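Structure first, commentary second.
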Amino acid sequence: MNYYYLVERDKLQLSWAVTLLRKPLPKRTRSPALPPVLYRFLGPVTEGEMALKSEYAGVACKTCGRCDDDAIFDMGFCDPVTIRFKYDFGYTDDRVFAISQKLLNVLCEARVRGFETKPLGSSGWHAMRVTDRVDCDEKVMELIGPFCSECGRADRIPGAFTKLDQVALPSHSNAIFTTKKGWAKPFRDRDTFLTEDVVKLLKNAGIRGGWCNRLWTREEVCMMDEMAKRGKKWKPPGSIVTL
């Protein structure tokens, strides 16, 4: 069986679940001399001063303001919630993984294992937390300071799980899984992994919102390294499934 990690599409508009817009900024003025498509490449613009909802203040670091995703999920989500995704899944700009009712129905009907959800207020969307967690090679993530004096979180954490031998694999199929270890990255604590049958399920159900990259085998990594030495770029064929 193959295993994949989930990647979301870039967002054109901002979404929030646990923060509030305290002080809006003036809307960006669009020049009539510039084509509208240019603003799509510029991406979403900060809409103003954001602040964590008061009910979550107790789980935020008093120094750097960052929160643990699990602590936020345990508390649940209340209105107002703003979800502006045009697809079926994605991370809000305050680090909550949101899925549509359609995606939730597909996962539940197929009895996919390894996750739980909570409603995102009255938005019609749901927050997902992956509960099937495995060991991993923690050295994949590089911790770069300065480090928060209170919670110890790193300023930057580059790195990505791309190889099969970097994560322990679940003992069952039809599953969503992630790592036991989490990192307070700007957009999420953990990566989301899928077994091959779940990837096919999402593809056949017409779920949209990103793509799935297959974790590479040791042989494939050796081949990529060998081709790189020859000055050629090569990646295993069929290793990306677009959603």
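The values are calculated or read from the model by the stated rules, or taken from the named source; none is laboratory data. Because the structure is a prediction, the values reported are computed rather than measured. Neighbour counts are summed over all protein chains in view; Cβ atoms, including those assigned to glycine, are modelled from backbone coordinates with ideal geometry.
Annotations
Each row is one residue, and each column tells you yes or no for (1) touching a strand residue (DSSP E or B) at 6+ places or on another chain (Cβ under 6 Å); (2) buried (at least 17 other Cβ atoms within 10 Å of the Cβ); (3) within 26 Å of Ala205 (Cβ to Cβ); (4) at pLDDT 95 or above.
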| site | (1), (2), (3), (4) |
| --- | --- |
| Ala17 | yes, yes, yes, yes |
| Thr29 | no, no, no, no |
| Ala60 | yes, yes, no, no |
| Ile99 | yes, yes, yes, yes |
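- Some residue of segment 217-230 being touching a strand residue (DSSP E or B) at 6+ places or on another chain (Cβ under 7 Å), surrounded by 15 or more Cβ atoms within 10 Å (Cβ to Cβ) and under 30 Å from Asp68 (Cα atoms): no
- Candidate set from segment 190-231 (those that are assigned to a loop (DSSP other than H, G, I, E, B) and hydrophobic (A, V, I, L, M, F, W, C)); member that is nearest to Phe73 (Cα to Cα): Ile207
- Single residue of His172, His126 found to be closer than 19 Å to Arg111 by Cα, surrounded by fewer than 16 Cβ atoms within 10 Å (Cβ to Cβ) and not hydroxyl-bearing (Ser, Thr, Tyr): His172
- Residue match in segment 130-139 (condition: touching an Asp or Glu at 6+ places or on another chain (Cβ under 7 Å), in a helix (DSSP H, G or I), surrounded by fewer than 16 Cβ atoms within 10 Å (Cβ to Cβ) and modelled with pLDDT of 95 or more): no
- Residues being out of contact with any strand residue (DSSP E or B) (no Cβ under 6 Å at 6 or more places or on another chain) and at negative phi - total across segment 146-161: 8
- Residue in segment 151-174 that is farthest from the chain's Cα centre (by Cα), counting only those that are charged (D, E, K, R) and either closer than 30 Å to Met1 by Cβ or at pLDDT 95 or above (or both): Asp165
- Residue match in segment 91-109 (condition: free of Cβ contacts under 8 Å to residues at least 60 places away in the same chain, more than 22 Å from Arg22 (Cα to Cα) and assigned to a loop (DSSP other than H, G, I, E, B)): yes
- Test result for Tyr87, closer than 23 Å to Gln13 by Cβ, among the aromatic types (Phe, Trp, Tyr) and not in a loop (DSSP other than H, G, I, E, B): no
- The set of residues in segment 184-216 that are touching a residue at least 60 places away in the same chain (Cβ under 8 Å), among the hydrophobic types (A, V, I, L, M, F, W, C) and surrounded by 13 or more Cβ atoms within 10 Å (Cβ to Cβ) comprises Ala184, Phe193, Leu194, Val198, Val199, Leu201, Leu202, Ala205, Ile207, Trp211, Cys212, Leu215.
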